[in-house]
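Notes follow the structure.
Please treat every number below as a calculation from the coordinates, not as lab data. Computed from a predicted model, the values in this text were never measured in an experiment. Please note: Cβ atoms are built from the backbone with ideal geometry, for glycine as well, and neighbour counts cover all protein chains shown.
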Amino acid sequence: MSVQAQIEASIDALISKLVDELPAKLDAINVEAGDQWTLEPPAGITFGQRSEVPYPWIAVLPETTENLAEASGRIHYEHGIATVCWIADADEEGLVRKLTRYQRAVREVALHYRRPGASPVSDDPGGYFLGFVRDVYGPVFEGGQDGAFVSWARTTFAIKQQQDLV
């Protein structure tokens, strides 16, 4: 499978995993927090961003691909995959709390099945592995629908992969 096909397949699999497992994870976080800032399942989870979305929304997209090493007839790649959560809320503090909790939920779902030598988003033992890299939080904007505050948070994962040179 080509490198690009592998990235797309990984993104598709991660989207499926989030669609299937994120609602239950959000419910568990709501019970654990036990406060007024309730997380709702996302209105959508897509491959790539959209110009207009209902909130909350999650986009999964490719980032950079780096050649880490080339030796012994093999190339070692690291591919970035990001999830971007968009949320709107009338309560500015609630918005930030929800974003933090959404990012936690996304990380926990994505990394739940992680094991060495395989991807948690695929049963393919083809020598790639998904790991957490970082969370980045965007600024809070006023002026969403009904005067709500809007913000985003991005979680970046890295897929490390080996490919034989032929």
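Label-to-label distance, residue 140 versus residue 12, with points set 7 angstrom from Cα along the beta-carbon direction: 4.0 nm. Highest mean packing first, where packing is the average number of other Cβ atoms within 10 Å per residue, the peptides 147-159, 52-64 line up as 147-159, 52-64.
Between residue 76 and residue 112, the contour length at 0.36 nm per residue exceeds the alpha carbon distance by 10.6 nm. When you count the other C-beta atoms within 10 angstrom of each residue and take the mean per peptide, 98-109, 10-21 line up highest first as 98-109, 10-21.
Taken over the Cα atoms of segment 9-72, the convex hull encloses 141 Å³ per residue.
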